[in-house]
1. For the chain, give the magnitude of the charge dipole about the Cα centre (Cβ charges: +1 Lys/Arg, -1 Asp/Glu; no others), in debye to the nearest 20.
2. Please report Rg (one decimal) and Dmax (integer) in Å for the Cα set of the chain.
3. Sum -39500 (n - 2.57) across every DSSP H segment of at least 4 residues in the chain, then divide by the residue count to get the 222 nm mean residue ellipticity, nearest 500.
4. Based only on other Cβ atoms within 10 Å, what is the fewest-to-most ordering of Glu139, Glu34?
5. Could you tell me the relative contact order of segment 49-180? Use alpha-carbon pairs under 8 Å, at least six residues apart, and round to a whole percent.
6. At a 10 angstrom cut-off on C-beta neighbours, averaged per residue, how do the peptides 169-176, 43-50 rank from highest to lowest?
7. Please work out the C-alpha center-to-center distance from segment 1-26 to segment 87-124 and express it in whole Å.
8. Would you mind ranking Glu150, Glu134 so that the residue whose beta carbon has the fewest other beta carbons within 10 Å leads the list?
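Rule-based calculations on the coordinates, nothing more; no lab input. Just so it is clear, the model here is predicted, and its values are computed rather than measured. Cβ placement follows ideal geometry from the backbone for every residue including glycine, while neighbour counts extend to all protein chains displayed.
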Amino acid sequence: MSRIGKQPIAVPADIKVDIKGQKIIVSGKNGKLEREVLPELEISLKDQEIVVENRDNSKRTNAFRGMTRSLINNMVIGVGEGFKKTLIVEGVGYKVNIAGSTLTLNVGYSNPVEFPVPDGVQVSVDGNNKIIVESNNKELLGLTSARIREIRKPEPYKGKGIRYEDEHIVRKAGKAGAAA
């Protein structure tokens, strides 16, 4: 049995949960999220707790039970508190600006890179080299952060590029001096 899937999800008082068949809608101060659940799973709300249960006892259903419970828990946390990721831009002359919903990155290419920020994600710039990405949807936040990072991945020799704040880049030695 799934240990994570067995745990109930505590719902704070300021968050509203609607369950309509296989669709769950969670709304709170940071917005509203909805998700379809597999027909093999049953979701119920009992005493301000969401419980995910299997309709059959197959291995596949049990695996999806834990994942679905985690996704619903992320929805509850997202509409209550929200999620945040910070990216650091490292490199001489590298800088970042935001204008409206377009992030402009000068990261060593001949032209600046324009990144359109998707709906549901807020991006702010702290200084010239710190990008703060916030959203109530953890999945969308991770996808957007990964796409921004992919514009200029950190390289192992000088560490130049875009990296997550808590990411450690393993440095390589570089070329050895030529013997004359």
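1. So the dipole magnitude of the chain works out to roughly 680 debye.
2. So, for the chain, Rg and Dmax equal 21.4, 79 Å respectively.
3. Helix contribution divided over all residues of the chain: -7000 deg cm²/dmol.
4. Working: Glu139 15, Glu34 12.
Sorted ascending by nearby Cβ count, the order is Glu34, Glu139.
5. Normalised by residue count, the contact order of segment 49-180 is 23 percent.
6. Most protected by this proxy first, the peptides run 43-50, 169-176.
7. Answer, in whole Å: 36.
8. Fewest-to-most ranking of Glu150, Glu134: Glu150, Glu134.
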